[in-house]
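**Student:** Have a look at the structure that comes next, please.
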Amino acid sequence: MFKNSRITAFLLIVAAVVLTSSCKNKNDISVPDKPEITGIATPVILQPDSTVIELSDYFLHPKSIDSIMPDKGFTYRLSADSLKLTLQASGKSIPRLSVMKVWVDGYCYSLLLEKSRKIWQRITFDPKEKKYRRVELAGDMNEWTPSRTPLKLADGKWQTDLLLFPGKYQYKFVLDGKWVLDPGNTEIVDNNIGGTNSLLRVGSVNPPSAPYLFTDKADKDKITIGIRNKTKEIFVFWQNYQLDERFWKTDSTGLQITLPGKARSFERSFLRVWAFNNSGSSNEILIPLENGRILSDPAMLTRADREAMIIYFMMVDRFRNGDPKNDAPLKDKDVDPKLNFQGGDLAGIIKEIESGYFKELGVNTLWISPITQNPKDAWKEYPAPHRKFSGYHGYWPMTLTTVDPRFGTAEELKTLVKEAHSANMNVLLDFVSNHVHIESKLYKDHPDWATPLILPNKKKNIRLWDEQRLTTWFDEFLPTLDLSKPEISNLMSDSALFWIKNYEIDGFRHDATKHIAELYWRTLTKKLKEQVIIPEERFIYQIGETFGSRDLIGSYVNPGKLDAQFDFGLYFDARTAFARETASFKDLNFSLQESFSYYGEHSLMGNITGNQDLARFISFASNAVSFGENDQKAGWERDIEVKDTVGYARLASLIAFNMTIPGIPVIYYGDEFGMPGAGDPDNRRMMRFENLNPMEKRMKTTAEKLIHLRSNSMPLLYGDFKTLEVTDKTFIYMRTYFDKVIFVVFNKDKSPRKIDFEVPDRFAGFRAINNFGSDAKVEKNKVTLNVEGNGFEIISN
């Protein structure tokens with residue numbers, strides 16, 4: 001209606017009157033049979049100056065958009081092809097939250113717009129009369145790449161201004177190539193690898209006077225949302241439609257919401273609520289609905305409910321040898337057994353599905369490492385000491401659509417998926433898009449499809465992870481594909497789609513996400529929506545792997561790219577907090593709040609116990625591997641076992657943390673009982689099912705109990721989160737879902753501690769269930785309990 005031109009003030013008023021009325025139905029809302037937005041759209045983050053929105057990230061047919069009406073504080077313009085929308089604030093200030101209405105084929109959709117939380121921060125270095133040719137900054141804010149942030153000399157000091165999210169940033173100055181601490185900053189922190197960094201604090205992550213929302217009461221189609229602190233504006237969404245004043249009001253008890261009648265025709269839909277005031281934005285409320293009624297019984301959840309996923313990651317070759325006939329280790333004396341095929345296969349995973357191992361453990365999503373054809377010979381890695389490896393791990397694809405016979409057959413993969421689905425479990429496939437093997441037919445036919453191996457300065461473009469993020473090769477024999485070219489993105493996305501269509505895989509773990517151009521992610525996700533998710537009404541989950549800042553990690557998560565990434569920042573802080581005696585829980589709580597501010601309180605981000613690239617958590621926690629040493633080297637120089645049994649208690653606490661916070665828990669195979677291991681490849685030992693020692697058996701029983709507790713608790717799956725108390729040694733938080741509550745208490749002191757804390761009035765005098773054997777007692781608003789050293793308790797009502 002108003003496409004490809006600015007809306008004049010007059011037309012905007014007319015559009016607002018006519019189209020706003022078309023959004024309304026007297027007692028309900030008007031929604032199409034086939035919505036234009038797939039799933040629920042995450043908020044659009046607005047930048048301080050202008051924001052470019054890829055409309056195809058949200059809408060299936062952006063060229064069918066009739067009209068767009070942002071908040072009155074914005075102007076906008078459409079690109080010539082109607083695929084990009086640029087929003088510009090018309091005044092000096094951008095509201096913390098606002099709504100943009102979009103009409104497609106006469107139906108009104110709403111997108112929540114969230115003001116970026118970034119603020120300007122000046123960085124200054126005083127040379128104290130010393131002369132430097134070049135001063136640079138390296139830290140968390142620029143992926144530790146000095147060349148990205150040179151400082152300028154002004155008035156005798158070197159300085160630069162950066163736009164940063166509130167949070168903590170470790171950093172150093174680089175003075176003519178020499179890395180040094182900031183002499184003007186007395187706050188220094190351990191970097192967990194044997195050194196120290198300066199620490200910069202920016203703004204406030206979780207302002208205490210910002211609104212706090214919580215699910216209070218539910219009765220059929222009526223919901224009460226509790227509110228702490230005054231609100232300036234409230235936003236209530238059902239699916240991707242903003243509910244107006246016909247559906248909600250505020251009173252002395254909180255926010256009263258009546259669900260729209262249309263919700264009854266949706267088997268699964270969601271209600272979402274946000275608010276803000278002058279201090280900041282609230283947490284997000286997410287409430288699942290079953291045919292228009294609040295979902296209160298976790299037994300009604302299915303494997304398609306992504307928030308309820310608990311993922312178990314296996315390296316196929318190292319899990320279970322189910323068919324010795326396909327064993328084919330390389331006969332090369334230069335290949336260490338740790339780096340050779342050890343016989344694990346798809347048949348082995350099928351046997352464990354049939355044996356009930358995963359059901360007993362409680363997980364409902366299986367992530368398997370890549371299974372495409374890998375080279376049949378060994379290849380020498382680029383860095384010293386230049387060891388020879390086989391492709392047992394699956395990350396060196398020779399082909400894109402065939403199963404490596406050492407892992408099994410196409411029929412076995414179909415059987416695996418079928419058996420998993422019959423057991424109400426999903427299957428995620430690890431897929432490699434970034435590179436292929438140099439001997440692959442694809443590379444031989446199209447060597448020009450690879451990025452340059454030699455840079456203009458004659459330096460080899462190998463493992464320059466951040467300096468050459470989108471072009472670097474992983475090794476001399478692994479050419480990186482230039483996925484910014486449409487023809488390559490199309491071919492690789494078609495290859496990924498092949499596995500979804502032919503094997504009914506439920507999604508992907510994507511390798512090396514940050515090294516791949518955004519064009520590829522948008523191309524693949526668009527095809528999945530158009531060819532699978534919508535026509536087949538199937539659930540697909542995509543999670544990426546990116547080592548880097550939260551800002552970089554989050555840039556790949558939106559409806560047009562990926563559903564989630566692994567929250568490595570939170571994992572590293574959790575590893576430090578639980579494994580290091582001197583670390584403080586205050587830092588872990590801060591890190592958790594940072595993740596909420598970047599990804600939201602109900603994200604699908606992966607919370608890991610470890611993975612194939614990291615030394616096992618229990619090896620750090622039991623002091624078998626130190627934080628300051630080279631953990632890969634440690635695995636080659638000595639046998640790594642559990643050195644101190646305190647490691648099991650600390651591992652149990654890490655799993656308890658992952659199972660009780662928002663996000664998707666991810667268990668690396670063997671972590672359920674505390675399998676040790678240094679860095680790669682020592683962290684990839686063959687899985688053990690028998691002959692567990694007593695401590696391992698106890699650890700596995702604890703892990704099973706924690707996993708089942710999560711999967712049977714609505715507060716842990718969809719509940720609101722609130723930190724109640726945090727000190728260096730104790731951490732107490734709660735998850736609430738209407739009248740259900742979970743209190744989580746950690747003690748990282750070596751000795752038992754008596755802990756007491758206050759609970760909200762609405763839970764005063766609740767009947768406590770102590771899930772892990774403590775003696776918790778409740779008197780009115782106060783809970784008192786004793787918690788073992790390096791222990792935890794989870795209390796439910």
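**Student:** Specify, per residue and in Å³, the volume enclosed by the convex hull of the alpha carbon atoms belonging to segment 521-664.
**Tutor:** Output value, Cα hull per residue: 134 Å³.
**Student:** State which entries of Lys700/Lys748; Lys325/Lys414; Lys351/Lys700; Lys414/Lys697; Lys220/Lys529 exceed 22 angstrom in Cα-Cα distance in the structure shown.
**Tutor:** Too far apart for the 22 Å limit: Lys414/Lys697; Lys220/Lys529.
**Student:** For Glu290, what charge total do you get from the other residues with a beta carbon under 9 Å from its beta carbon, if Lys and Arg give +1 and Asp and Glu give -1?
**Tutor:** 0
**Student:** When only DSSP loop residues count, what GluC sites (Glu not before Pro) in segment 504-576 have their Cβ near at most 14 other Cβ atoms within 10 Å?
**Tutor:** In loop regions of segment 504-576 (DSSP not H, G, I, E or B), the sparsely surrounded GluC sites (Glu not before Pro) are Glu536, Glu537.
**Student:** Let me ask something else. Counting heavy atoms of the protein chains only and a 1.4 Å probe, report the per residue accessible area for the chain as a whole number of Å².
**Tutor:** Per residue, the chain has 41 Å² of solvent-accessible surface.
**Student:** What's the FRET efficiency of Glu476 with Asp728 using the Cβ-Cβ distance as r and R₀ = 41 Å, to the nearest 0.05?
**Tutor:** 0.30
**Student:** Oh, and also: To the nearest 20 debye, what charge dipole does segment 712-797 have about its Cα centre, counting +1 at the Cβ of each Lys and Arg and -1 at the Cβ of each Asp and Glu?
**Tutor:** 60
**Student:** May I pose another question? Can you pull out the GluC sites (Glu not before Pro) in segment 232-313 whose DSSP state is coil and whose Cβ has at most 15 other Cβ atoms within 10 Å?
**Tutor:** Glu245, Glu267
**Student:** Sort 362-368, 769-775 by the packing proxy (mean of other Cβ within 10 Å over each peptide's residues), most packed first.
**Tutor:** Most protected by this proxy first, the peptides run 362-368, 769-775.
**Student:** Could you list which residues have their amide H under 5 Å from that of Glu233, counting only those 5 or more apart in sequence or on another chain, with H placed in the peptide plane?
**Tutor:** HN-HN under 5 Å from Glu233: Phe276.
**Student:** Something else now. Whole-Hz Karplus ³J(HN,Hα) for segment 382-391, in order, using 6.51 cos²θ - 1.76 cosθ + 1.60 and θ = phi - 60°, x for Gly and Pro?
**Tutor:** For segment 382-391, the Karplus-derived couplings read 5, x, 4, x, 6, 6, 8, 10, 8, x Hz, x marking Gly and Pro.
**Student:** For the chain, which whole percent of the accessible surface, found with a 1.4 angstrom probe, sits on carbon and sulfur atoms?
**Tutor:** With neighbouring chains kept in place, the figure for the chain is 50 percent.
**Student:** Related question: With +1 on each Lys and Arg Cβ and -1 on each Asp and Glu Cβ, how big is the dipole of the chain about its Cα centre, in debye rounded to the nearest 20?
**Tutor:** Once rounded to the nearest 20, the dipole reads 1580 debye.
**Student:** Convex hull over the alpha-carbon atoms of segment 189-314: what's its volume per residue in Å³?
**Tutor:** In segment 189-314, the Cα hull volume divided by residue count equals 168 Å³.
**Student:** Would you tell me the accessible area of His708, worked out with a 1.4 angstrom probe on the heavy atoms of the protein chains, in Å² to the nearest 10?
**Tutor:** 70
**Student:** Could you rank the peptides 76-87, 781-792 by their average count of other C-beta atoms within 10 Å per residue, with the highest value first?
**Tutor:** 781-792, 76-87
**Student:** Which of the GluC sites (Glu not before Pro) across segment 109-217 are loop residues per DSSP, with 14 or fewer other Cβ within 10 Å?
**Tutor:** Qualifying residues, ordered by number: Glu129, Glu187.
**Student:** Going 7 Å from the Cα of Asn712 toward and past its Cβ, which residues in segment 281-299 have a backbone nitrogen under 16 Å from where you end up?
**Tutor:** 297-299
**Student:** Mind putting together the pair-distance distribution for segment 467-578? All Cα pairs, 5 Å bins, whole percent per bin, short to long.
**Tutor:** P(r) for segment 467-578, in whole percents per bin: 2, 11, 20, 22, 19, 13, 8, 4, 1, 0.
**Student:** Straight-line reach from Lys232: which lysines have a Cα under 26 Å away, not including same-chain ones fewer than 8 places off?
**Tutor:** Lys24, Lys72, Lys92, Lys101, Lys115, Lys118, Lys217, Lys222, Lys249, Lys722
**Student:** Another question about this same structure. Let me have the 222 nm mean residue ellipticity of the chain computed from DSSP H runs of 4+ only, each contributing -39500 (n - 2.57), with the sum over all residues rounded to the nearest 500.
**Tutor:** About -6000 deg cm²/dmol.
**Student:** Compute, for Asp739, the solvent-accessible surface of its heavy atoms (probe 1.4 Å) with the complete set of protein chains present, and express it in square angstrom to the nearest 10.
**Tutor:** That residue has around 100 Å² of solvent-accessible surface.
**Student:** Show me, for segment 139-151, the HN-Hα J-couplings you get by feeding each phi into the Karplus relation (A = 6.51, B = -1.76, C = 1.60, θ = phi - 60°), rounded to Hz, glycine and proline as x.
**Tutor:** x, 4, 6, 9, 6, 6, 10, x, 5, 6, 9, x, 9
**Student:** Report the antiparallel proportion of the DSSP beta bridges in segment 434-549 as a percent, rounded to a multiple of 5.
**Tutor:** Just about 45 percent of them are antiparallel.
**Student:** Now for a different question. Full extension from Lys331 to Asn623: what is 0.36 nm times the residue separation minus their Cα-Cα distance, to one decimal in nm?
**Tutor:** Contour length minus Cα-Cα distance gives 101.5 nm.
**Student:** State the answer as a single residue: which of Asn607, Asn326, Trp274 lies farthest towards the positive end of the charge dipole of the chain, with beta carbon charges of +1 for Lys and Arg and -1 for Asp and Glu, about the Cα centre.
**Tutor:** Among Asn607, Asn326, Trp274, the one farthest towards the positive end of the dipole of the chain is Trp274.
**Student:** From the phi of every residue in segment 90-99, what ³J(HN,Hα) in whole Hz does the Karplus formula 6.51 cos²θ - 1.76 cosθ + 1.60 yield, where θ is phi - 60° and glycine or proline is x?
**Tutor:** Values per residue, Gly and Pro as x: 8, x, 6, 10, 9, x, 4, 9, 7, 10 Hz.
**Student:** Considering the options Ser595, Asn786, Leu478, tell which one lies farthest towards the positive end of the dipole of the chain, charges being +1 on Lys and Arg and -1 on Asp and Glu at the Cβ, about the Cα centre.
**Tutor:** Ser595
**Student:** Tally the DSSP beta bridges in the chain and give the antiparallel ones as a percent, rounded to 5.
**Tutor:** 80
**Student:** If you don't mind, there's one more thing I want to ask. Sort the following peptides by mean Cβ neighbour count (other Cβ atoms within 10 Å, averaged over residues), highest first: 694-702, 248-256.
**Tutor:** 694-702, 248-256
**Student:** When the chain is fully extended, how far beyond the present Cα-Cα distance does Met695 get from Ser147, taking 0.36 nm per residue of separation?
**Tutor:** Length gained, Met695 through Ser147: 192.4 nm.
The values are calculated or read from the model by the stated rules, or taken from the named source; none is laboratory data. The structure displayed is predicted, hence computed values, not measured ones. For neighbour counting, all protein chains shown are included, and Cβ atoms are generated from backbone atoms with ideal geometry for every residue, glycine included. Only protein heavy atoms, including side chains, enter the accessible area calculation; ligands, DNA and RNA are left aside. Shrake-Rupley method; radii C 1.70, N 1.55, O 1.52, S 1.80 Å.
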